[in-house]
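Here's the structure we're looking at; comments come further down.
Nothing in this text is a laboratory measurement; each read-out follows from the coordinates by a stated rule. Every value quoted in this text rests on a predicted model; they were computed, and no experiment measured them. We place every Cβ from the backbone using ideal geometry, glycine too, and count neighbours over all the protein chains shown.
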Amino acid sequence: MEMKTIYLLIPMAPLLGAVVAGLFGKAIGRAGAHVVTILGVAVAFALSVIVFQDVQAGNTFNGTVYTWLQSGGLTLEVGFLIDKLTVMMMLVVTFVSLMVHIYTIGYMAEDPGYQRFFSYISLFTFSMLMLVMSNNFVQLFFGWEAVGLVSYLLIGFWYTRPTAIFANLKAFLVNRVGDFGFLLGIGLIAAYAGSLDYAEVFAKREELAALTETVTGWPLITAICICLFIGAMGKSAQVPLHVWLPDSMEGPTPISALIHAATMVTAGIFMVTRMSPLFELSDTALSFVLIIGAITALFMGFLGIIQNDIKRVVAYSTLSQLGYMTVALGVSAYSVAVFHLMTHAFFKALLFLAAGSVIMGCHHNQDIRYMGGLRKYMPITWITSLLGSLALIGFPFLSGFFSKDSIIEAVHASNIPGAGFAYFAVLAGVFVTAFYSFRMYFLVFHGKERFDQVPHDEHHDAHHDDHHSGSPHESPWVVTLPLVLLAIPSVVIGFLTIQPMLFGDWFGAAVFIDSVKHPAMSEFAKTFHGPVAMALHGITTLPFFLAMSGVALSWFFYLKRPDIPAAIQKALQPLHTLLENKYYFDKFNDVVFAGGARLLGKGLWKGGDQMLIDGVMVNGSARLVGWISTLVRFIQTGHIYQYAFAMIIGVFALMTFWFNRF
Amino acid sequence: MLENFVTPDFYPAAAELFIAAMALIVLVADLIAGTNRRWVPALLTMVALVGAIVVTAATADGQTVQTFSRMFVDDLLADFLKLMTYLAVIMALVYSRRYMADRKLDSGEYYMLVLFATLGMMVMISASSLVTLYIGLELMSLSLYGLVAIDRDSKKATEAAMKYFVLGALASGLLLYGMSMLYGATGTLEIGGIAQALYQGNVPKTIAVFGLVFTVAGIAFKLGVVPFHMWVPDVYQGAPTAITLFLATAPKFAAFAMAMRLLVYGMFSLAEEWQHMLLIMAVLSIALGNLAAIAQTNIKRMLAYSAISHMGFMLLGLTSAVVGGQVEPFAVVNAYSSAMYYVVAYVLMSAAAFGMVMLLSRPGYEADTLDAFKGLNQRSPWFAAVMLMVMFSMAGIPFFIGFFAKFSVLLALIKAGYTSIAVIVVLFSLVGAFYYLRVVKLMYFDKPDDTSPIQAGVDMRAMLTINGLMIAFFGLFPDAIMVLCTTTLMRSL
């Protein structure tokens, strides 16, 4: 088979699955729906492996597969850019998606919207693949919006729950803010570079760097990069556009793992990496990226400490880890960001799916205060969760260690403005991460068994109210198999790939670094002497010490002396209230943006809409149109002599007019 | 004179001769087969049309050949338009079969008239002399008058036919008058000769303009654009739906060919003159068609007004070729191929729209009101989806063929510098979107008045499905037809 056909088949296979499961779900039944979608994603994964081998052999591709239309200088087309960055994303997306598909068979077994769910997640896989495989901004934007749409649909999957509807609306609106910036960035590129093709735009980067934006007088490239990054902030949930991600946990757990941890939320990271030739030209934009990332990495970690909902703890941890990736982007360590993206995709998907398994085992209770001692009942979930948590806190030799330590080292070596603050933030973040991760781990799997104390009005998935009794049980194999399969890369992938990905020029031309201006990566490379040495050295460094003290402290607080946290909470009431309210971001948005928008809307509605638009334009023009159409009906009498008369008049008018011209 | 007679080369006109022979065979075969074997003329007509496709395709060599003392031309444009015409007629016959049979209208005359009308169109398409053109036009028109009146017991249909006939006669008169003026001015009836004479410039201007205005009026009547549109709503509504479908599709190719032959091939030197006339008529048609369609409750009438606005849009493509006396070959081909593309797109869409009306009709019930489409989604989700595609496409919503048709015409218009006109017609299309989307709203959001199952044969269902999918497919791959149009025109101009 020709490679171009394979490229085309990779996104099309999940799309076909989605269409079949979506449109003919009733006809093919539940089993049919999961067979067809899993088959589609499995084909996409297998073909991605073939493409991986092909790219490994040195073949890259950049070309158009379908041109829709050409207008002036702009071409709207579907094209693929297949290089090492793309193929890595394709592998991660299809592998995690495949795991989640299998897992869903168990998790959604009793849900009436079974086929719809499979259709959505396959559609998501298609959209995400289109996004990462794109070679132009139009298709990137299409994929960007399509994953957003599916995310919206899936957060509100249980559409009878008001909280789910609120959450999906929130995600939608917050993402609109980001997309607005993103679209502005694309618009600036189209206006100044005259093309929307990556390669053509990158070829003009030096010209663009010399320009200033004509209206505002800002340096053009900085404006473009910041606009694009605002898009990334929305999608990758960076402060202050992060507010939608915790609420997105209203969706079923498999999608929290697939969309809101492993793939979609990392689209922003991927996009900035893809745009590295542009970002490298603007130190201002890079500093902006760095500081936003650092704030997210640290402050979102704090919020993880006080959450009691198992999924929300993992959600805040995702926010914080996305902050880490963004920090890596800010110091021009793009390959490190993508490396962390990959390791994070595995262990975070694992943690989410394990959380889902726990939720199922506890009869859809999600509150970690009412769990405890689950390791006896759910051994596979327990072991895999432990591995995932260790990977997350960066325990040496596990995948998270290599990626997170690399970020810390790269920040340390950077000289870009804001790097000092970012270094502090990522170091402190290590301690916080270890603390909240193991707080959750200890509360869920160790200590006293508290699952018989669940108050009945507590938060739980609405569709299984009647299953509240009985002790926890291990989940079926369709659930535990993905856990095991995800645990393997969570443990080993960092060790195996750090050398080629970070230091072996694996990404080649896909990632561009101006190493004279931004030497962080080359400085860091000098200190690297192989993964084993790095891990052994890691044990003696500050991050390891911080992580271990985080684990120890959480052990002491939550297993040894459970009375202390309560005492601290009382003593530091104002701080706790601040965290409880998530730094008042939601309140602020509600009052200022939502309230302001409502006020503005009301003003526009009363003044502009009702009076001007409705009164004059809509009703006015509707009346005019109505009047004209009645008039036309009046003229169209049906009397033949009048018709003939109209024709004669027409000829007469034409004649008169043209004789006057000559 | 007789000693000068040379046997003409029949080869370029093979398809016309074939259709003419088949029309006569149908007439005779119907007499023999009698009323109980209606399938005989139907089958023979199909054979005739499919055979014509084969003949035209086989004789299409891309060469421009003239025959019958240079009164008849066979070029790539003629071949392309004829093939499109056959396909449109085949489509119309498939859609109509059951409708006509249910109403006992599928007599031999019906098939014979359809074939003669087709023959008329073919002659028009291949005309290279004013006389040939007129003969073709009359053959087509007379057959169409007969077809409109085929339901002799229907008062509405006969009234429509009468109107069509009288106004058509008037239009023919105008056209003939214009032709005689052209003859007077240039001294020839041959289109190439007229072009040459006008190019050389030593013709009396007054007479030439007389000729031009009257010919344009004749063309405008056939296309049904303002102010020569009055017959369109009455005839579309009054004729049996199957005939309306026929009337709304294939003759548009012939009318387009007529415009091309007379204006582009014959009077290209006067292009800037007739472009202005067409522009005015186009804008008026788009405005009036869209505004009037809003007030309609009868879908056939609504589609008639929509046809007026669509033909106006098509004319915009013809008006964008020559700018400021500059003849730039690329721009010329671009403009005319956008117009030709528009005709193809329109024929596809209107065939499907009238097909839908017939799909919902049954013996004793005409689904010609908008209310008939209420809640169609509940009765048949697939055909509601087909109608949705047709309506979206007609409104010019992206990813359907109608969008690209409008888009390429507007692109040509803007390139010719008529940006303000483009803005105006886009605004009117926006008004037009209202009545197209109203149909969609009725189908999806209203409760059906009539819940009886849809009675339609497999052939009709299949044809509608194919038709709908074509509208979607060519919206995704617009170049497929566009390239055909451009190459055709590049090689025949």
Simple label model, 7 Å out from Cα along Cβ direction - B:ILE207 to A:THR64, nm: 5.3 nm
Filter on B:LYS104/B:LYS156; B:LYS300/B:LYS374; B:LYS82/B:LYS300 - keep pairs with C-alpha separation over 22 Å: B:LYS82/B:LYS300
Sorted by Cβ density within 10 Å, fewest first, the residues A:LEU536, A:LEU278: A:LEU536, A:LEU278
Interchain or long-range residues, amide H under 5 Å from A:VAL65's placed H: A:VAL78, A:GLY79, A:PHE80
Range in chain A, longest, excluding exposed GluC sites (Glu not before Pro) [loop by DSSP; at most 13 other beta-carbon atoms within 10 Å]: A:111-662
Rounded tilt (10° steps) of A:640-661 against the dominant C-alpha axis of chain A: 90 degrees
Segment A:492-593: chymotrypsin sites (Phe, Trp or Tyr not before Pro) in DSSP coil with no more than 16 other Cβ atoms inside 10 Å: A:PHE528
Built amide H within the under 5 Å cut-off of A:THR212, gap 5+: A:LEU220
Proximal aspartates and glutamates relative to A:LYS376, as straight alpha-carbon distance under 19 Å, when same-chain residues fewer than 8 apart are discounted: A:ASP367, A:GLU449, A:ASP452, A:GLU474
DSSP-loop trypsin sites (Lys or Arg not before Pro) across segment A:513-581, with at most 14 other Cβ within 10 angstrom: A:LYS517
Theoretical ellipticity at 222 nm over chain B - DSSP helices of four or more residues, -39500 (n - 2.57) apiece, nearest 500: -25000 deg cm²/dmol
Sorted by Cβ neighbour density within 10 Å, fewest at the top, the residues A:LYS448, A:LYS170, A:LYS235: A:LYS448, A:LYS170, A:LYS235
Within-12-Å neighbourhood charge of B:ALA384 [Cβ basis; K, R +1; D, E -1]: +2
Crossing angle, helix A:399-413 versus chain A [Cα axis fit, 0-90 degrees, rounded to tens]: 80 degrees
Sites matching chymotrypsin sites (Phe, Trp or Tyr not before Pro) across segment B:1-62 that sit in DSSP coil, with at most 13 neighbouring C-beta atoms within 10 Å: B:PHE5, B:PHE10
Rounded to 10°, Cα long-axis angle of helix A:419-445 versus longest principal axis of chain A: 70 degrees
Gap separating the Cα centres of segment B:73-103 and segment A:384-424, nearest whole Å: 71 Å
³J(HN,Hα), Karplus 6.51/-1.76/1.60, whole Hz, each residue of segment B:131-148, x for Gly, Pro: 5, 4, 4, 5, 4, x, 4, 5, 4, 5, 5, 4, 5, 5, 4, x, 5, 4
3J(HN,Hα) from dihedral phi, segment B:216-221, Karplus parametrisation 6.51/-1.76/1.60, rounded to Hz, x for glycine, proline: 4, 4, x, 4, 4, 5
Charge dipole (debye, nearest 20) of segment A:276-421; +1 at Cβ of Lys and Arg, -1 at Cβ of Asp and Glu: 600 debye
Inter-centroid distance (Cα atoms) of segment A:485-533 relative to segment A:633-652, Å: 81 Å
Calculated [θ] (222 nm, deg cm²/dmol) that DSSP helices of n ≥ 4 give over chain A, each run adding -39,500 (n - 2.57): -22000 deg cm²/dmol
Amide H contacts of B:ARG362 (H built 1.01 Å from N, under 5 Å, at least 5 apart or other chain): B:ALA367
Cβ charges +1 (Lys, Arg) and -1 (Asp, Glu), total dipole of chain B, debye: 1060 debye
3J(HN,Hα) from dihedral phi, segment A:337-353, Karplus parametrisation 6.51/-1.76/1.60, rounded to Hz, x for glycine, proline: 4, 5, 4, 5, 4, 5, 5, 4, 4, 6, 6, 6, 4, 4, 5, 5, 5
